[in-house]
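Where a number appears in this text, it was derived from the coordinates with a stated rule and is not lab data. Not measured: the values here are computed from a predicted model. Cβ atoms come from the backbone with ideal geometry, glycine included; neighbour counts cover every protein chain shown.
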Amino acid sequence: MSLNPRKTVLLICDVQERFRSAIYGFEPLTASICKLVKASQVLGIPNFVTEQNPRALGPTVQEITSLLDKSPDQELNLGRFSKTKFSMITDESWEDDIGLPRYKNFILTGIESHICITQTALDALKITGAENIYIPVDAVSSCNKEEVPIALDNLRQRGVQITTSESLLYRLLGDADHPQFKYIAKLVKEEKQNTTEALQTLAAVL
């Protein structure tokens, strides 16, 4: 079953500079998120970005922010918000100009799998009424890699769909006749090496 981009939002959780040397597989994780950002921009999928205590932990990494800043449609950038809560579901995410509850499909990326990702996924299911939560294994991680499979297994049991970034891209297309099929196919080809590295690093812990 394909995903409707108009009912989908990309969540990018706390991919901040201070975590670069602490998170397992940070570089391939970031590459996977950048791939999803590029795809979301041509598919018309909005993004919502959070930063955990950015004064102490720094801003979202430049690889991601540069793509967001260059987006041809800035309305797709719902915002970049600082938070102290572990969940991304905050008061700001409920405001009318963001309105996360109006989206039915959440693509959840970032860190850490067993803390912010887990609490965001559970809140999204319980509070926002999201019908589908998708977590691409090549776009999430933790400081301790051993935490990841435990967290994802727990979320899978609660109805969260554990998948990969490439699988999500083709589900969003749904049909080779999609007007953006050639762009996505080209993007997948260009990102093949990064995707392989991300899967070998991040999916290998499952």
Quiz item: What nm distance separates the two modelled labels at L206 and D175, each placed 7 Å from Cα along Cα→Cβ?
Solution: 2.9
Quiz item: Counting Lys and Arg as +1 and Asp and Glu as -1, each charge on the Cβ, what is the dipole of the chain about the Cα centre in debye, to the nearest 20?
Solution: 260
Self-check item: q = 0.08, 0.10 Å⁻¹: log10 I(q)/I(0) that the Debye formula gives for the chain, counting C-alpha atoms only
Solution: -0.23, -0.36
Quiz item: Projected onto the charge dipole of the chain (+1 at Lys/Arg Cβ, -1 at Asp/Glu Cβ, origin at the Cα centre), which of V9, V140, L199 gives the Cα projection farthest towards the positive end?
Solution: L199
Quiz prompt | R0 of 22 Å, Cβ-Cβ distance T163-E75: FRET efficiency to nearest 0.05 | solution = 0.25
Quiz item: With the chain treated as a Gaussian network of Cα nodes joined by springs under 10 Å, which of P149, P179, P136 yields the largest mean-square fluctuation?
Solution: P179
Quiz item: Of the cross-linked pairs K38/K186; K35/K189; K83/K145, which ones have a Cα-Cα span greater than 21 Å in the structure shown?
Solution: K83/K145
Exercise. Sequence neighbours fewer than 8 away in the same chain don't count; with that in mind, list the aspartates and glutamates whose C-alpha is under 19 Å from K85.
Key: D14, E17, E51, E95, E112, D123
Quiz item: Which aspartates and glutamates, on any chain, are close to K182 with Cα under 19 Å apart, when same-chain ones fewer than 8 places away are left out?
Solution: E166, E190, E191
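Which whole-number percent gives the relative contact order of segment 63-206, counting Cα pairs below 8 Å spaced six or more residues apart?
Numbers: 151 pairs, mean separation 28.6, N = 144.
That works out to 20 percent.
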Quiz item: Which residues' amide hydrogens lie under 5 Å from the amide hydrogen of G110, considering only partners 5 or more residues apart or on another chain, with H built in the peptide plane?
Solution: C13, V140, S141
Quiz prompt | Restricting segment 23-103 to GluC sites (Glu not before Pro) in coil, as DSSP defines it, with at most 14 other Cβ within 10 Å | solution = E95
